[in-house]
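Below is one structure, written out as structure tokens; the observations come after it.
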Amino acid sequence: MKMKLPAMALSALMIASPVMADLVFPSLSYRTGPYAAGGIPFADGYADYFTMLNARDGGIGGVEARVLECETGYNTEKGVECYESTKGEGALVYQPLSTGITYQLIPKATADGIAIHSMGYGRTSAANGKVFSNVFNYPANYWNGASGAVNYLMSQGDISGKKVALVYHNSAYGKEPIRTLEELSAKHGYDLTLIPVDHPGQEQKSQWLQIRREKPDYVIMYGWGVMNQVAVQEAANIRFNMENFIGIWWSGSENDVLPAGDKANGYKALTFHGVGSDFPVFADIQKHVVDTGSAAGAGDQIGTVLYNRGLYAAMLAAEAVKTAQEIHGVADINPAQMRDGMEALEITEEKMAGLGLPGFGPSFKVSCENHGGPGLVGMTQWDAAAKTWSLVSDFSESDMDVIQPLIDADSMAYAAENKIEAGC
Amino acid sequence: MPEQLVFAMEVFLNGLMAGVLYALVALGFVLIFKASGIFNYAQGVMALFSAMTLVGIMKGQVPFAHVINAIFGTDVHYFGWTVPALLAIILTVAVMVLFAWAVQKYIFRHLVGQEPIILFMATIGLAYFLEGVGDLMWNSEIKKLDVGLPQGINEAIDNYTFNIFDYGFFIDNLDIVATLIAALLVGGLVIFSQYSKEGRAMRAVADDHQAALSVGVSLNFIWIMVWSVAGFVALVAGIMWGTKSGVQFSLSLIALKALPVLMLGGFTSIPGAIVGGLIIGVGEKLFEFAIGPMVGGATENWFAYVLALIFLVFRPQGLFGEKIIERV
């Protein structure tokens, strides 16, 4: 009887207490391990935006957001464990933050009816919503990035007959742009040289000696982690013109250029979101999050490229929740409703301005057929003296005439392999 | 002279330079293995930790700032001063000596007489511990390391070779400095182990630690000394690699580059580490230059380990390693 009384009291308390509704956003972060320097600002930005919404607006549609952080160390097995341990909490959407984890979660999350948002990474052909019903990769993917780089070069002058070298991480991620760049090479008449770098990329002497010998006009880089810092340093060592060196968005944070100092000046990187902290939303972050001591980190990452990317991911998730709430007429939405919200998401200039993020990202509309948006990408450039990135182009369309057939072919092969009936 | 041969000469020279950098990492492994029979898995992390400590001291960073701020609600990050590179290096060496003392006192003293695999496992634990402590002390940001070493193309070599071959060779000034420092380091270590009392005691311990103990050599002191020297070598490697890429977690992965060097040169030979490093450096660079384009490139890691494996088959103790015959 002694044991039964407390148990009965606890049961009564549980029945009597109202269930606190919340909107759960798991954050598969990597604050430790080899890529922590990139993982920390993203996780901070993601968490801080929801903290601000809770403090300023009382949540989203009156329901509090709850960020459920789980450390992956950028390790695929740990990422899957994180998914399994958090999905039962009512998780609305996963940002796997790793192409490896994304590939593992695609079948699992689809079977569980939970949405995945792999923004600027993951399986590129997931843009085909007819096959990948629960996977979204708006506003841009790796192939948009490759096309965006070529479009930018063409905007600077004729690239027919020019030499373009792709320096890439020798992994599934690094190889992503090859097919697109080859197709674009055939279309626009530039010569493409492929230069792989083995993981982790600490030693790249052979690759940059090759670049020095072959003298490409432009170098495009799909790098990650230490590979980026070493590549920028080696490019500076051989006096490659930084103006003609373009990295994908995972090779374009402060971390990637600061170690090379002044020699990194002029290096460029693709982006699908704004840079810096000159947006009204950051005043709200300061007031409601940093000043109240609620920041996820030390508050020293605000405005950095990867912090902004985390914040942008959180903003897109929050806007999808609002869309879902409107569609279904309920505030406390479930994962299936969240998926519907993501599929009907529309981001306009007016909406971005209203959120305190005017011009921060491209306008786009998601549909059942297109989970990747129009693939609008912009270009940023590093100013070593000011230690700032600046947006040096508009968010421009990528060559969907080339990319769409590639997306269709790859996604339909996946559908055939996994016996998925494509359709909306 | 054919163009390809000129290019190959440039690649060969750069391979030699890269080999020196690999040898720097391998040296730390050799020192500890030779003196205590421990394969120190934590050597790469020691390079990372020492480089982080050096940058932290130079920048006047408050160690454990995040922990202090979280506990006491403060907002301290820097002391407000900077420390000159040379003084910071000396202070970092002192930290590594303290680290060596702590490792000996709290880990290996309690494991005397244990199987080598137990000692190896202990160093794995030490590596993870040190990774975590390094992040807690100095945070996990990528840090620029500038101790005043020159970087970039060497103009004199560029001009000289251009006049001869009509093509200027690229040799990085940092690699030249690394070669000079490695030569000094090896020379110093050889003189120390051959002519100093402590060096002779270290060799005696390496030969037979029980016999050394019986003639009054302090095992404890020798092991602390060896770990300190390995810490110093790790610092030198950390400075060289950290200057290239910034000081970051991936520095700990340079140990992967040392393994084939050790397999090739032998785990117990200081000259073996140097020669092994040079062979791996030159071999992988020339292979990548000649064969890489035919097989899609990125052959360097693969080639280094394949070469080491071939050596293992024909000479398991490596080029200069001691042949150990155990009777059962």
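The values are calculated or read from the model by the stated rules, or taken from the named source; none is laboratory data. Since the model is a prediction, treat every value here as computed from it, not as a measurement. When we count neighbours, we look across all protein chains shown, and the Cβ atoms used for this are built from the backbone with ideal geometry, even at glycine.
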Flag if A:A317 is in the same structural domain as A:G59 (by TED's automatic domain parsing), under 27 Å from A:A283 (Cβ atoms) and of a type outside the set (F, W, Y): yes
Kindly indicate the residue of segment A:232-252 that is away from chain B (no Cβ under 14 Å) and surrounded by fewer than 22 Cβ atoms within 10 Å (Cβ to Cβ) and also nearest to A:S171 (Cα to Cα) among those meeting that condition. A:N244
Would you kindly identify the helices (runs of 4 or more DSSP H) lying entirely within segment A:132-237 that contain at least 3 residues that are more than 29 Å from A:P107 (Cα to Cα) and not assigned by TED's automatic domain parsing to the domain that holds A:L345? A:142-156, A:178-188, A:205-214, A:226-237
Hey, any hits in segment A:103-110 for a residue that's more than 14 Å from chain B (Cβ to nearest Cβ) and under 14 Å from the mean Cα position of the chain (by Cα)? no
Answer from B:V103, B:V67 - the residue that is loosely packed, with under 13 Cβ neighbours inside 10 Å, more than 20 Å from B:I239 (Cα to Cα) and touching a Leu at 6+ places or on another chain (Cβ under 8 Å): B:V67
Test each condition in (1) within 16 Å of the chain's Cα centre (by Cα); (2) assigned to a helix (DSSP H, G or I); (3) more than 14 Å from chain A (Cβ to nearest Cβ) for B:A47 and report the one that comes out false. (3)
Consider A:S396 carefully, then state whether it is under 16 Å from A:I246 (Cβ atoms) and not charged (D, E, K, R). yes
Name every residue in segment A:32-58 that is surrounded by fewer than 21 Cβ atoms within 10 Å (Cβ to Cβ) and either within 12 Å of another protein chain (Cβ to nearest Cβ) or not in a helix (DSSP H, G or I) (or both), in order of residue number. A:T32, A:G33, A:G58
Tell me, please, whether a residue that is away from chain A (no Cβ under 13 Å) and not in a loop (DSSP other than H, G, I, E, B) can be found in segment B:241-257. no
Just to be sure before I move on: is A:G341 free of Cβ contacts under 8 Å to residues at least 60 places away in the same chain and crowded, with 23+ Cβ neighbours inside 10 Å in the structure I sent? yes
Unmet criterion (only one of (1) surrounded by fewer than 18 Cβ atoms within 10 Å (Cβ to Cβ); (2) in contact with a strand residue (DSSP E or B) (Cβ under 7 Å, 6 or more places away or on another chain); (3) not hydroxyl-bearing (S, T, Y)) for B:F170: (1)
Scan segment A:294-308 and give yes if some residue there is under 15 Å from the mean Cα position of the chain (by Cα), small (G, A, S), closer than 22 Å to A:L23 by Cα and not assigned by TED's automatic domain parsing to the domain that holds A:N244, otherwise no. no
Looking only at segment A:43-63, how many residues end up being within 20 Å of A:L306 (Cβ to Cβ) and not hydrophobic (A, V, I, L, M, F, W, C)? 6
Against the conditions (1) among the β-branched types (V, I, T); (2) in contact with a Lys or Arg (Cβ under 9 Å, 6 or more places away or on another chain); (3) within 24 Å of B:A255 (Cβ to Cβ), where does B:T82 fall short? Just the number, please. (3)
Among (1) more than 18 Å from A:S118 (Cα to Cα); (2) touching a strand residue (DSSP E or B) at 6+ places or on another chain (Cβ under 9 Å); (3) part of a helix (DSSP H, G or I); (4) of a type in the set (G, A, S), the one test that A:S411 misses: (1)
Which one of these is of a type in the set (S, T, Y) and within 14 Å of chain A (Cβ to nearest Cβ): B:Y41, B:Y22? B:Y22
Out of all the residues in segment B:291-311, which are surrounded by 14 or more Cβ atoms within 10 Å (Cβ to Cβ) and part of a helix (DSSP H, G or I)? B:G292, B:P293, B:E300, B:N301, B:W302, B:F303, B:A304, B:Y305, B:V306, B:L307, B:A308, B:F311
Which of (1) under 28 Å from B:G15 (Cβ atoms); (2) assigned to a loop (DSSP other than H, G, I, E, B) is the odd one out, the single condition B:A183 does not satisfy? (2)
Against the conditions (1) in contact with an Asp or Glu (Cβ under 8 Å, 6 or more places away or on another chain); (2) at pLDDT 95 or above, where does A:G361 fall short? Just the number, please. (1)
Report yes if some residue within segment B:132-149 is within 30 Å of B:V6 (Cβ to Cβ), out of contact with any Phe, Trp or Tyr (no Cβ under 7 Å at 6 or more places or on another chain) and within 14 Å of chain A (Cβ to nearest Cβ); otherwise report no. yes
For segment B:266-288: of the residues being within 14 Å of chain A (Cβ to nearest Cβ) and buried (at least 21 other Cβ atoms within 10 Å of the Cβ), which is farthest from A:V197 (Cα to Cα)? B:G277
Answer with yes or no whether B:A100 is farther than 26 Å from A:S253 by Cβ, within 14 Å of chain A (Cβ to nearest Cβ) and either aliphatic (A, V, I, L, M) or touching an Asp or Glu at 6+ places or on another chain (Cβ under 8 Å) (or both). no
Selection from segment A:46-67 of residues that are of a type outside the set (F, W, Y) and under 17 Å from A:S98 (Cα atoms): none
Considering only segment B:151-178, state which residues are within 11 Å of another protein chain (Cβ to nearest Cβ) and in contact with a helix residue (DSSP H, G or I) (Cβ under 8 Å, 6 or more places away or on another chain). B:Q151, B:G152, B:I153, B:N154, B:Y167, B:G168, B:F169, B:F170, B:I171, B:D172, B:L174, B:D175
Determine which member of the set A:D191, A:D158 is in contact with a Ser or Thr (Cβ under 8 Å, 6 or more places away or on another chain), more than 27 Å from A:S363 (Cβ to Cβ) and modelled with pLDDT of 95 or more. A:D191
